[in-house]
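Derivation of every value follows stated rules applied to the coordinates shown; laboratory data play no part. The structure displayed is predicted, hence computed values, not measured ones. Cβ sites come from the backbone with ideal geometry, for glycine too, and all protein chains shown count toward neighbours.
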Amino acid sequence: MDGLFVEGQQTSGQNNSLKSLYEHVAHNAILTAERPRARCHPGTRDEAIRIIEKWIDGDGDLSRRIFWLSGPAGSGKTAISQTISNRCTLRGTHMASFCISDADPKRSHAGLVVATLLFQILRLFPTLEADISTLLKEKPLIFDQSIPDQFKYLIDIPVRTVVDASAHPQRLLLLIDGLDECGHRAKHVQGDLLHALHYLGSQQNSPFIVLVASRGEPHLVMTFDDIGLSNDSICLDDSYSSQDDIRLFVMAEFEKIKRTHPLAHTLNNDWPAEADIDEIVEESSGQFIYAASILRSISNSSASPVHSLDNARESMRLGVELQDDHVYQQLYSPTASTSHPADHSIKALHPT
């Protein structure tokens with residue numbers, strides 16, 4: 001299956017019995033340092049990252065085992081999720097992730113979430129492979145069952161067994177990015193997934209903690225309210241210094257352009273003007289990806305950065321706002337083309 005991952009390191013018997021698992025793994029949904037989707041610029045989103053890491057470390061209320069990172073499109077949720085993932089890996093924190101995107105049929109399919117998380121968990125706890133192999137033989141249609149049942153039989157019960165037997169039990173972070181895009185934005189699918197994740201973390205002495213990143217859609221707000229006091233949250237608004245962070249990012253990116261662009265030698269020391277930076281920060285309205293797209297278009301264009309910035313400023317002054325998440329993804333994806341001239345990118349930023 002295209003986009004799915006098949007592991008070949010087990011014995012042939014185990015490989016055959018785990019085949020149904022591998023067929024439901026969306027490998028490209030896993031947050032990895034090798035294929036980062038976005039990263040926080042150094043010095044940005046530090047407060048949000050500090051709060052989340054404190055929660056992961058259990059310095060606060062241990063009963064609050066689910067954390068909601070919310071914010072509008074382009075506010076930096078995936079960048080924070082990627083940064084948390086990278087830092088968990090460096091710190092040796094057990095973690096499994098799934099980055100949802102409705103632009104990718106595999107990454108938006110709720111039926112692949114449990115298998116993809118389980119695939120990562122088996123790498124953390126290899127001794128579970130035999131138990132999962134036996135379970136899949138006994139329940140060959142488990143992946144056709146409900147999401148709550150999949151979580152119960154494939155993750156909750158097996159992981160609890162191995163953690164309870166450990167002399168040094170460790171928490172397991174489940175990181176779900178982009179929940180609002182799951183199931184092609186089907187509200188009931190997202191609600192079912194969120195309730196199943198909450199169940200994992202809410203059981204007595206649960207080893208699971210859950211970090212969910214999404215936009216603050218009304219139905220998700222209602223679901224989190226329904227879940228109650230067992231969750232904590234951050235909303236990426238101005239209270240988390242988004243304007244200051246975006247300004248820091250914009251200034252650093254302009255300095256990079258002045259060092260690396262083929263026409264950097266044509267730029268004056270006082271370029272860009274402070275007013276140009278102010279305009280980009282203001283027009284970003286707290287959305288990192290807006291500023292990132294503007295700076296990327298300038299950096300990637302073969303035209304003079306002065307000319308590219310003028311085009312960007314003219315487009316911003318037209319007052320047409322970016323509205324399509326897919327445009328964000330195309331412009332800010334790590335795999336996005338780097339050959340588009342600035343005016344093409346800016347036209348995409350401001351569809352008419």
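Label sites at residue 20 and residue 248, each approximated as a point 7 angstrom past Cα along Cα to Cβ, lie 4.9 nm apart. Put simply, the amide H of residue 175, placed in the peptide plane, has neighbours under 5 Å in 96, 97, 98, 211, leaving out anything fewer than 5 places away on its chain. Listed by chain and number, the lysines whose alpha-carbon sits under 23 Å from that of residue 137, ignoring those within fewer than 8 places in the same chain, are 19, 152. Proximity of backbone amide H atoms, modeled 1.01 Å from N, is registered between residue 232 and 66, 67, 68 at under 5 Å, excluding neighbours fewer than 5 places apart on the same chain. Relative to the current alpha-carbon distance between residue 168 and residue 260, full extension at 0.36 nm per residue lengthens the span by 28.2 nm. In terms of its C-alpha gyration tensor, segment 130-229 has an oblate overall shape, because the principal axis ratio a/c (a ≥ b ≥ c, square roots of the eigenvalues) is not below 1.5 and a/b does not outweigh b/c. Between residue 54 and residue 134, the contour length at 0.36 nm per residue exceeds the alpha carbon distance by 25.0 nm.
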